[in-house]
1. Label-point separation (nm) for Met136 and Lys124, each offset 7 Å from Cα along Cα-to-Cβ?
2. Using the Karplus curve 6.51 cos²θ - 1.76 cosθ + 1.60 with θ = phi - 60°, what ³J(HN,Hα) values do you get for each residue of the range 35-45, in whole Hz, with x for Gly and Pro?
3. Could you run the Karplus curve 6.51 cos²θ - 1.76 cosθ + 1.60 with θ = phi - 60° over the range 13-24 and give me ³J(HN,Hα) per residue in whole Hz, x for Gly and Pro?
4. Report the per residue volume, in Å³, of the convex hull enclosing the C-alpha atoms of the range 23-87.
5. Can you run phi through the Karplus equation (6.51, -1.76, 1.60; θ = phi - 60°) for the range 89-98 and list ³J(HN,Hα) in whole Hz, with x for Gly and Pro?
6. Quote the FRET efficiency, to the nearest 0.05, computed for Ser81 versus Ser60 with a Förster distance R0 of 30 Å and r equal to the Cβ-Cβ distance.
7. Using Cα pairs closer than 8 Å and at least 6 residues apart in sequence, work out the relative contact order for the range 26-143, in percent.
8. Amide H of Phe128: which non-local residues (sequence gap of 5 or more, or other chain) have their own amide H closer than 5 Å, using H built in the peptide plane?
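Here, each number is a calculation from the coordinates, and none is a lab measurement. Quantities reported herein were computed from a predicted structural model and do not represent experimental measurements. A quick note on method: Cβ atoms are made from the backbone with ideal geometry, for glycine too, and the neighbour counts reach across all protein chains shown.
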Amino acid sequence: MISASRSSKRRVRSFRTKLLVAMMLVVSGLMAFALYLAQRHVTAAAQHDLQQDFQAELSSLDKVQELRNAALAERCGTLASRPRIHAALEDNALDLLYPSAKDELRDLMENESSQHTGPSLHAKFYRFLNAAGAVMSPPNPKNIGQLSQARKPN
């Protein structure tokens with residue numbers, strides 16, 4: 001009887017061990033699946049947040065660019081209506097055009113060297129166009145900013 005009782009206890013221990021291992025495998029599998037789903041969810045949420053941040057930044061850059069373009073258009077309109085420049089253009093006095101513009105655009109040309117963090121206007125050079133859209137050659141290009149070889153008019 002003692003041997004039957006021992007073999008019975010061994011079977012019970014063996015069954016319990018197998019049951020414990022099987023339960024551990026099931027729990028481990030379910031946990032791995034849950035972690036996989038959680039990781040996918042977190043990745044998708046992070047990607048969505050990054051996409052929203054990118055779209056917000058892009059939208060703000062577009063708005064800043066629109067503001068700069070509006071400021072530039074306003075400045076060009078103001079410059080064209082200035083009496084000295086307007087008179088030089090009407091009288092075809094091209095020798096007075098660029099010196100007059102140099103005085104009018106001094107603030108834009110001086111801002112080039114200073115460090116600005118905002119969306120202020122500044123220029124490295126300026127040129128006028130004739131009625132046909134061709135660049136009017138300035139008398140002294142060094143005073144109004146040099147054009148690189150890629151930007152020089154034909």
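1. Using points 7 Å along Cα→Cβ, the separation is 2.4 nm.
2. Using θ = phi - 60°, the values come out as 5, 4, 5, 5, 5, 4, 5, 5, 5, 5, 5 Hz.
3. Couplings: 5, 4, 5, 5, 4, 5, 5, 5, 5, 4, 5, 5 Hz.
4. Value for the range 23-87: 38 Å³ per residue.
5. For the range 89-98, the Karplus-derived couplings read 6, 5, 8, 6, 8, 5, 5, 9, 5, 5 Hz, x marking Gly and Pro.
6. 0.40
7. About 16 percent, as a whole number.
8. Met136
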